[in-house]
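Worksheet: one structure, shown below.
The values are calculated or read from the model by the stated rules, or taken from the named source; none is laboratory data. As the structure is a computational prediction, the values presented were derived from the model and not from experiment. For neighbour counting, all protein chains shown are included, and Cβ atoms are generated from backbone atoms with ideal geometry for every residue, glycine included.
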Amino acid sequence: MAELNLPLLLEPQDLQPHLGDPRLLIIDLSEPPNYGQRHVPGAVNLPYQAIIRAEPPAMGLLPTEERLSQVLSAIGLTEDAHVIAYDSEGNGRAARLLWTLDVLGHPRFSLLNGGLAAWLNAGLPVESGNVAPRPTQYQAQIRNPDAIADLEYVRNHLGKSDVVVLDARTAGEFKGADRRAARPGHMPGAVNLDWMRTMDPNRDRRFLPDEQLKAMLAELGVTPDKEVITHCQTHHRSAHSYVMLKHLGFKKVRGYPGSWSEWGNRQDTPVEM
């Protein structure tokens, strides 16, 4: 069966004609009670906690390959499936799943632009209850390690002229006024773009137009010729930024899963206020 030719950022009206296509796996990362009330027809539910690993104080680490194999097999992922992900909370959870799939080298996935809110406000059909997945034997392997930045990678690349750290937290967190770790502030040389600023509140939190996003990024020195490392507190908001950059055509992008919950709770990492 031929592959679906769907873009990374998918509009609700462009998904609707493909509902029921066996080549699709639609994944809803909303809380289970919300999912049970209403979801895109055919979507399976994947609780967010299943795709992150906590080793306090670092709360958003990448699970092991074994754990990801179990989780992704349970929802019916296959190597040739085109995944459509969304949630009801701004699409950070959905984006984190897509970053994980990118780390695993899964070749086909899309983010539903605007998530469930955009689907509902477009008047598209929903269903309630639970969709029973068809379990598979998916074998998760990290085939694309270039999508990951661990603590040592970030530490070793700070200050390099061809690398920029994009901090997706709020301005208060970045400046240290909003303290969420033992040490507040930000990484030396990092630039700040709150993930909420990249979304249009009047269009169900869809991404802003591409040219507007590119201009915002360029003003911060985030340009396609550089490698970009995204982070927030637990690589939830910054996974959304990761998908944004990929959508805009940036080729060298890494996500730092430890993020500030790891960096800001250590005493051997450089911090600025």
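A few notes on this one:
- When 160, 246, 252 are checked against the criterion of being surrounded by 13 or more Cβ atoms within 10 Å (Cβ to Cβ), farther than 20 Å from residue 29 by Cβ and either touching a strand residue (DSSP E or B) at 6+ places or on another chain (Cβ under 7 Å) or not small (Gly, Ala, Ser) (or both), a single residue qualifies: 252.
- Residues being over 13 Å from residue 75 (Cβ atoms) and part of a loop (DSSP other than H, G, I, E, B) - total across the stretch 127-148: 7
- Within the stretch 116-137, not a single residue is small (Gly, Ala, Ser), within 28 Å of residue 230 (Cβ to Cβ), in the same structural domain as residue 44 (by TED's automatic domain parsing) and without any contact (Cβ under 8 Å) to a residue 60 or more places away in the chain.
- Within the stretch 198-209, residues that are in the same structural domain as residue 242 (by TED's automatic domain parsing) and in contact (Cβ under 8 Å) with a residue 40 or more places away in the chain have Cβ atoms under 8 Å from residues that are buried (at least 19 other Cβ atoms within 10 Å of the Cβ) and charged (D, E, K, R) in these pairs: 199/205; 199/206, counting only partners at least 6 apart in sequence or on another chain.
- Close pairs from the stretch 247-267: first farther than 30 Å from residue 11 by Cβ, partner crowded, with 24+ Cβ neighbours inside 10 Å, Cβ under 7 Å, at least 6 apart: 260/231; 260/232; 261/60
- Failed condition for residue 96, given (1) within 15 Å of the chain's Cα centre (by Cα); (2) in a loop (DSSP other than H, G, I, E, B); (3) buried (at least 20 other Cβ atoms within 10 Å of the Cβ): (2)
- Meets criteria (in contact with a strand residue (DSSP E or B) (Cβ under 7 Å, 6 or more places away or on another chain) and among the hydroxyl-bearing types (Ser, Thr, Tyr)) for residue 198: yes
- Qualifying residue in the stretch 216-236 (condition: under 26 Å from residue 113 (Cβ atoms) and among the acidic types (Asp, Glu)): yes
- When the criteria are applied in full, residue 105 fails the requirement of being out of contact with any strand residue (DSSP E or B) (no Cβ under 7 Å at 6 or more places or on another chain), farther than 18 Å from residue 26 by Cβ and outside the structural domain of residue 86 (by TED's automatic domain parsing).
- Only a single criterion out of (1) more than 16 Å from the chain's Cα centre (by Cα); (2) in a loop (DSSP other than H, G, I, E, B); (3) not small (Gly, Ala, Ser) is not satisfied by residue 89, namely (1).
- Residue 69 vs. criteria farther than 17 Å from residue 134 by Cβ and not hydrophobic (A, V, I, L, M, F, W, C): no
- Subset of the stretch 83-140 [closer than 21 Å to residue 209 by Cα and either of a type in the set (Phe, Trp, Tyr) or touching a Pro at 6+ places or on another chain (Cβ under 6 Å) (or both)]: 86, 109, 118, 119, 122
- The condition (being outside the structural domain of residue 107 (by TED's automatic domain parsing), surrounded by 14 or more Cβ atoms within 10 Å (Cβ to Cβ), of a type in the set (A, V, I, L, M, F, W, C) and closer than 17 Å to residue 112 by Cβ) is satisfied by just one residue among 19, 4: 4.
- Looking across the stretch 3-57, just one residue is touching a strand residue (DSSP E or B) at 6+ places or on another chain (Cβ under 6 Å) and polar (S, T, N, Q), and that is 45.
- Those strands (runs of 3 or more DSSP E) of the stretch 36-86 in which 2 or more residues are buried (at least 19 other Cβ atoms within 10 Å of the Cβ) and in contact (Cβ under 8 Å) with a residue 12 or more places away in the chain occupy 58-61, 82-86.
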